[in-house]
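Report on the following structure.
Every number in this text was worked out from the coordinates using simple rules, so none of it is lab data. Note that the coordinates shown come from a computational prediction; the quantities given were computed from them, not determined experimentally. Cβ: placed from backbone, ideal geometry, glycine included. Neighbour counts: every protein chain shown.
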Amino acid sequence: MGRRDERDAVDTLLSKARAGRSGALVVRGTAGIGKTALLQYARDAAATAGFRIESSVGVESEMQFAFAGLHQLCAPLLAHTDALPPPQRTALGVAFGQQDGATPDRFLVGLATLNLLAEAAEVEPLLCLVDDAQWLDEASAQVLAFVARRVSAERIAFAFAVRDVLPEETGRRPSALHGLPELRLHGLDDADARALLESALPVPLDERVLERIVAESWGNPLALLELPQSAAWTEGFESPRTLDVPRRLEESFRHRFRSLPDDTRVLLLAAAADPTGDAALLCRAAAHLDVAEDALGPAEAVGLLSVDGRVTFRHPLVRSAIYRDATPSDQRRAHDALAAATDPDADPDRRAWHRAQAVLGLNEEAAAELEESAGRALRRGGLAAAGAFLQRATELTPDPADRSRRALDAAEAKQETGASGAAQDLLAVAEAGPLDALQRGRLELLRAQISFHLTRGADVPGMLLDAAESLAPLDGALSRNIYLHALDAAIITGGPTGIRIAEAMLSRFPSDVPTRPVDLLLHGLAVTMTRGYAEGVPALRCALAVLRDSARDAIRDNTVRPWLWIAGRVAVGILDDELAHVLAECDVAMARADGALARLPASLNFHANVLVISGQLTRAGELAAEAAAIADATGGVQLRHAQAILAGWRGDQAETDALNDLTFHDPSYPADGTEVALAQYATAVLHNGLGEYSLAREAAAKACDSIELSLSTVALPELIEASVRTGEPERAAVALEELSSRARASDTSWARGLEARSRALTVTGPGAEDHYREATARLDDSRVRGEAARAHLLYGEWLRREGRRQDAREQLRTAHELLTDMGAEAFAARAARELRATGARPQKRTAQPTDALTAQELHIARLVATGATSREVGTQLFLSPRTVEAHLRNIFRKLGISSRRQLKELSLG
């Protein structure tokens, strides 16, 4: 009643899904406001329209069971898993506890779920209903939110119902769902509220009582149906109440519960404590409680629940009201009966959980069972579940040493899921007990990681250094890993701590000969930071070559994968374009193969940066757009620097300024940190392209001050060009000396070309020409086409000023053609102005059919042109094959073609 607009929203969702435009809707509101009723309307409408319907219901006491909600939704569809690629099929099997295997990345499970649902939707459109989503376990919530954001053309509709959680409740709203289309339900208006109320009344009520009930229910449908059943209300004697509607409803249910016979209350409490609704399980529990199997009859008679193969409560508030009204001893008795009734082989984790709730005080046996459950949860990728099991195990552990150990393990699991507050509380428990030196080091490491996650504070690198120092005598390999993390944190946050960390590492391991790739990388960085660029480059190049070879040989171990992102940045820092490309490509490929969507956006952004300086701005835009879409789908932090640098090279001032302003005003990015320095580099390139050299000079100077090796190197040519143009030869000379030193140490075509180009700017008269020729020759021989094009532009500008108009035209035409083709519009405009000044007319860029494609469409077209199937493209881009096919239809229409063969014949860059 009174839900016309809401029903229209549901009808629109289903209509679009049936037509091949998938979507999602999150229905929010207070308890009893009608969310479940609206989902039932969606179910009925979908059934009439020929949809297949699958559903899941979140239960508060199920939140510690990883992927429980997802398994409930997907279980009827598992016959379609044979159509999934093997890694996805395995990921689902491990997540659902059906097979053993390596712990799957959560978003690989998400991709597998997406394709599983897409396969089912190929047969008939699919509606996925998730009620009480606020009680979904974290793993399920994240996966379902990811899938809801990635569906497109699969004929799938999602409808989630999320209840506003009361302050005293222990759950949380699933933040993973935030950002999806929302529909908030409000109370019925007075007319509809009165009509609903009168339809449910067994006998007429006094007019004043009717008006009072309508007013005090605030239009809440469940309140309108339930509150009048109070005898006081029907007689008109209910006193004014200050409780809000959900609490009054709970009190109403609680009142009915208390009026029931003793045996009924005992069994009803056991039903409230059991989230499965398994009637057979409750029957076995009744025997342990020494009550009759039919003891629930009176509860059914007063409308609190129904039993028909499954035990279904009238409303989730009934369950919570009954459970909260019980005494702790009665709650323990119910859980004890459920533990006894649960098969330890078929469901050991739920049995362990019930048993843990049943014990009073400390109990090592129950704690040990929970620890085993945590291990199983970890193997399925259920970090949140493992954290919940270990946290409860910690509370039950009698031995102080075991309690500290479990608290430390629980804190690590909680931190991995982003629950930093709970992790800090558990660290306090761990610290209170006896810890050995290795555990103490792990504690200090975790404290630093929590601090970095919460604040990105300048104290974090020092905290990581302390952890590395304490672990050095106990576990050298782990200690070196932490030293490298500390160095990277110091680079990200800025400040002088990085050199102190490097000195400490070299002092701690002075005579060691590094063997692992991570050790070589750490040693090279430490030497570079303490003894200078020239001395560090050989060690760094050796480390990067080892990492490259390991990655190329597909050595898939954790000693290689986590460091490729740092290694790629170092390759840019030593101006080795070949290594930078290979490492960036390997990092993205490994993240894709692992389904590691949490780290893939950072890898894509770095690869985009490498492509930008290589002049492949269009491809860089594709990767940056993909990174942003994945970060949005996974709820990750949006990294802006790749898009800002891309906008800077394109000469798009509005976009560059808008992105950089967000970074400059974001308190999570310190002023001397890497994100801000990247924004300054983007600003420097932008203003050098626009010819606004004063602004470029100041931004480049700030970027050069970064301790991030790649930034302090690539920003030097920007500073030199801007300083020369603003009449500051001394500043340019200092920067050139540093660049020359680095170029000699690196000795790559990229390095030597940048040095020659920058030196040419500082030389007056004919002597500059040799440097310009060397610059264009060396940079043309490298992969950094963007820098090569700028060398031709600077050479052409110099030739024109020397009065050599014909020679200038040749260089300027080359520059204009290269810069125009790559989309570096500000630099291309500079070349065009210079060409006109020589009397030549710059050629306009010929429009290409691919100009009409979006970044995602161009990315898909490029992959399909290589011969990849729709399934292979979908696997790489985390899309369903049907969505890829839908994009292909748009691509074919925009390009005026009709086949993949024709797509292969086009030039896609």
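Quick one: Debye curve from the alpha-carbon atoms of the chain only, equal weights, vacuum; give me log10 I(q)/I(0) at q = 0.05, 0.08, 0.09 Å⁻¹ to two decimals. Scattering profile of the chain, log10 relative to I(0): -0.37, -0.86, -1.03. Sorting 319, 531, 18 from the fewest to the most surrounding beta carbons within 10 angstrom yields 531, 18, 319. A simple charge model with +1 on the Cβ of Lys and Arg, -1 on the Cβ of Asp and Glu and nothing else charged puts the dipole of the stretch 461-570 at about 320 debye relative to its Cα centre. The amide H of residue 24, built 1.01 Å from its N in the peptide plane, has 158 as neighbours under 5 Å, considering only residues 5 or more places off or on other chains. In this Cβ point-charge picture (+1 for Lys and Arg, -1 for Asp and Glu), the stretch 314-378 has a dipole of about 480 debye about its Cα centre. Distant-in-sequence amide contacts of residue 278, defined by a placed amide H-H separation under 5 Å and a gap of 5 or more residues or a different chain, comprise 311. Placing unit charges on the Cβ atoms of the charged side chains and taking the dipole of the chain about its Cα centre, the candidate lying farthest along the positive direction among 482, 401, 796 is 796.
Toward the positive end of the charge dipole of the stretch 243-326, about the Cα centre and with charges on Cβ (Lys, Arg +1; Asp, Glu -1), which of 282, 296, 249 goes farthest? So the residue we want is 249. Only lysines eight or more places from residue 894 in sequence, or on another chain, were considered; those with a Cα closer than 18 Å are 904.
Only helices enter this figure: runs of n ≥ 4 DSSP H residues, each worth -39500 (n - 2.57), summed and divided by the residues of the chain, yield -21000 deg cm²/dmol at 222 nm to the nearest 500. Rounded to the nearest 20 debye, the dipole magnitude of the chain is 3080 debye, with +1 charges on Lys and Arg beta carbons, -1 on Asp and Glu beta carbons, and the Cα centre as origin. Protection proxy ranking, highest mean first, for peptides 359-367, 484-492: 484-492, 359-367, where packing is the per-residue count of other beta-carbon atoms within 10 Å, averaged.
The phi-based Karplus calculation (6.51 cos²θ - 1.76 cosθ + 1.60; θ = phi - 60°) puts the 3J(HN,Hα) values of the stretch 783-800 at 8, 8, 5, x, 5, 5, 4, 5, 5, 5, 5, 5, 5, x, 4, 5, 4, 5 Hz, whole numbers, x for Gly and Pro. Whole-percent P(r), the stretch 774-909, all Cα pairs, 10 Å bins from 0: 12, 31, 22, 21, 12, 3, 0.
Selection among 717, 65, 46 by position relative to the dipole of the chain gives 717 as farthest towards the positive end (Cβ unit charges, Cα centre).
Amide hydrogen proximity for residue 161: with H placed 1.01 Å from N in the peptide plane, the residues at 5 or more positions away or on another chain lying under 5 Å are 27, 130, 131, 132, 133.
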